[in-house]
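What follows draws every value from the coordinates through simple rules; no lab data is involved. Everything quoted here is computed from the prediction, not taken from an experiment. All Cβ positions, glycine included, derive from the backbone under ideal geometry; neighbour counts span all protein chains shown.
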Amino acid sequence: MIKKVKRYSQGEPLAPWREKIHEVIFEADTPAGKYFDITLILAITLSVIAVMLDSVEAIRAEHGGVLDIIEWTFTIMFAIEYILRLISVRKPMMYAFSALGLVDLISILPSFIALYYVGAETFLVIRVLRVLRIFRVFKLAEYLGEANTLMVALRASRKKITIFLYSIFIFVVVFGSVMYLVEGAENGFTSIPRSVYWAIITLTTVGYGDIVPHTQIGQMIAATVMILGYAIIAVPTGIYTAELARAFKTEVSNVACQNCGEEGHDIDADYCKYCGARL
């Protein structure tokens, strides 16, 4: 039986001016692309700093007007950049609903939504929208050279880490239930959920100290959980490190797809692994 391979067409070529925009915005290997990336990284960093300063009441009271001007300047810049990204790919909606596209959109929406919330009664809503602008920092992930490698390793290890977390869940439920029976409400273990909370903070070696065992058996169990906590910490680290080493061995290309704007393809790839368009 011969397996049929689905082929994807190249699609309509981009207009020269759209192709030039795509080269500047998506291709970091070109001089123009490098300058664009550096400028955008600085803009993102400065905009996040501006949002953080805006949360300081003393600075807000004295320089509120200047901060508003700075904020809207960056918002307009990011809005223009978002529109240019949509223009420079063949399928704008595919990019708009991708992870990077959604981050780009979320980074500018709060400023425009805040225009519709005026008055003292909505002040708290405006503060929430201002804080949402801090998520612009996620736009920086697109410009970290090894970000794709980190994500590949994380995806490859997600099943093992999920099983590990499930095992931890069972572990804390069992030990929390045992401590609830051993210590009881008189020693602060008033319910199984509260005892599970104690097991979590003990296993993770946080140890807030708001709940502590008083009986000898309870202290022995606590000591066991603490020791196991140090041993368990190494498990997810080892899983992720192994996948990370494997990911670094796989070379990836910096070429961005003109169809959807995604990067991180294999060095010898002819087609985009996200949308199937020819690279």
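Structure notes:
- Computed from backbone phi, the HN-Hα couplings of the range 203-217 come to 5, 7, 6, 6, x, 5, x, 6, 10, 9, x, 10, 7, 5, 5 Hz, rounded to whole numbers (Karplus: 6.51 cos²θ - 1.76 cosθ + 1.60, θ = phi - 60°; Gly and Pro given as x).
- Legend: distances between Cα atoms for 91/160; 91/159; 91/273; 34/160; pairs beyond 26 Å are 91/160; 91/159; 34/160.
- Residue-wise HN-Hα couplings along the range 269-278, as the Karplus relation 6.51 cos²θ - 1.76 cosθ + 1.60 with θ = phi - 60° gives them from phi, are 6, 9, 10, 5, 7, 9, 10, x, 6, 6 Hz; Gly and Pro carry x.
- Residues whose amide H falls under 5 Å from that of residue 271, counting only those 5 or more places apart or on a different chain, are 279, with hydrogens built in the peptide plane.
- Backbone HN-Hα couplings from phi across the range 219-225 [Karplus 6.51/-1.76/1.60, Hz, Gly and Pro as x]: 5, 5, 5, 4, 4, 5, 5
- Working from label points 7 Å from Cα in the Cα-to-Cβ sense, the residue 30 to residue 60 distance is 4.2 nm.
- Spin-label model, residue 273/residue 228: points 7 Å from Cα along the beta carbon direction are separated by 3.8 nm.
- Length added when fully stretched, residue 137-residue 191, from 0.36 nm per residue minus Cα-Cα: 15.4 nm
- Length gained on full extension, residue 106 to residue 216: 34.3 nm, using 0.36 nm per residue less the C-alpha separation.
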